[in-house]
Amino acid sequence: MAEVWRYRGQEIDSEQLAFLREFIRAHAASSRWKLSRQLCEALGWKQANGALRDMVCRGMLLMLERAGEIELPPVRRHIRGQCRTRRPRPEAVLIDTAPLAMPLKSLGSIEIQSVRRTADEPLFNGLMEQYHYLSYAQPVGEHLKYVCWAQGRPVACLAWSSAPRHLGSRDRYIGWSAEARRRNIRFIAYNTRFLILPKAMTFCYTSLSN
């Protein structure tokens, strides 16, 4: 029986492999990036929000190439920092570290700021690298980054990402079937990082003791 390949919920049999080989030959002038997007358009591979699933498609194509099933166009350029093992670590951030010692009622409002793709994203990355026990890790898939501010200084950071596709304990707790998981996984967010900065912890302790 012909081998069936599986990647991120997609099954690729011998007939689909033949289609992929012909598709690659027909788009020989395309880069790998463009090829994956063209393939998504041809197959109708889209996320729930309408965006192309080109990252999943690209990963599938790389898997098949490494297995010797297809031959992709040569790599045209290497993007600095794209390889995770070579990606530069976030730089440490200088912030005010004096203890916030005051009654809780004097704190004022706390601002929760979305920082992804903003000038404050390096601040988030640097604080995670410097203060979180797991350090900073580049989120995979769709993700959000937040910095919480109090008294004009950062006191906490939170990150959310797309949920893992397969998580046995979660799926058993919810009671999902495989079909229900595939249909509803997009409605779940995964809290990948939660950080309260050390001096903010001093603030909370001091405030509560008052």
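The values are calculated or read from the model by the stated rules, or taken from the named source; none is laboratory data. Note that the structure is a prediction, hence the values are computed from the model and not measured. FYI the Cβ positions are ideal-geometry reconstructions off the backbone, even for glycines, and counts take in every protein chain you see.
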Set Arg117, Arg89, Arg172: member being in contact with an Asp or Glu (Cβ under 7 Å, 6 or more places away or on another chain), surrounded by fewer than 14 Cβ atoms within 10 Å (Cβ to Cβ), within 30 Å of Ala51 (Cα to Cα) and of a type outside the set (A, V, I, L, M): Arg89
Helices (runs of 4 or more DSSP H) contained entirely in segment 1-77, each with at least 1 residues that are within 21 Å of Ser162 (Cβ to Cβ): 32-43, 54-66
Residue check, Arg186 among the charged types (D, E, K, R), out of contact with any Leu (no Cβ under 8 Å at 6 or more places or on another chain) and under 25 Å from Asn49 (Cβ atoms): yes
For Met55: the one exception among (1) in contact with a Lys or Arg (Cβ under 7 Å, 6 or more places away or on another chain); (2) surrounded by 11 or more Cβ atoms within 10 Å (Cβ to Cβ); (3) closer than 26 Å to Arg183 by Cβ: (1)
Near pairs, Cβ below 7 angstrom, 6+ apart or cross-chain, from segment 49-63 (touching a residue at least 24 places away in the same chain (Cβ under 8 Å)) to any residue that is small (Gly, Ala, Ser): Arg58/Ser36; Leu61/Ser36
Residue list for segment 20-39, restricted to those being in contact with a Lys or Arg (Cβ under 6 Å, 6 or more places away or on another chain) and either surrounded by 18 or more Cβ atoms within 10 Å (Cβ to Cβ) or closer than 19 Å to Val140 by Cα (or both): Ser36
Matching option when the condition is crowded, with 18+ Cβ neighbours inside 10 Å and either under 26 Å from Gln10 (Cβ atoms) or not charged (D, E, K, R) (or both), among Leu123, Leu144: Leu123
Every pair of residues 6+ apart whose Cβ atoms lie under 7 Å, when the first sits in segment 30-46 and is farther than 13 Å from Leu20 by Cα while the second is of a type in the set (Lys, Arg) and not in a helix (DSSP H, G or I): Ser31/Arg76; Trp45/Arg53; Lys46/Arg53
Subset of segment 189-210 that is polar (S, T, N, Q) and modelled with pLDDT of 85 or more - its residue that is farthest from the chain's Cα centre (by Cα): Asn191
Among (1) surrounded by 16 or more Cβ atoms within 10 Å (Cβ to Cβ); (2) in contact with a Ser or Thr (Cβ under 8 Å, 6 or more places away or on another chain); (3) not aromatic (Phe, Trp, Tyr), the one test that Pro73 misses: (1)
Segment 149-167 residues that are without any contact (Cβ under 8 Å) to a residue 12 or more places away in the chain, paired with ones that are part of a loop (DSSP other than H, G, I, E, B) and surrounded by 15 or more Cβ atoms within 10 Å (Cβ to Cβ) (beta carbon under 6 Å, 6 or more apart): none
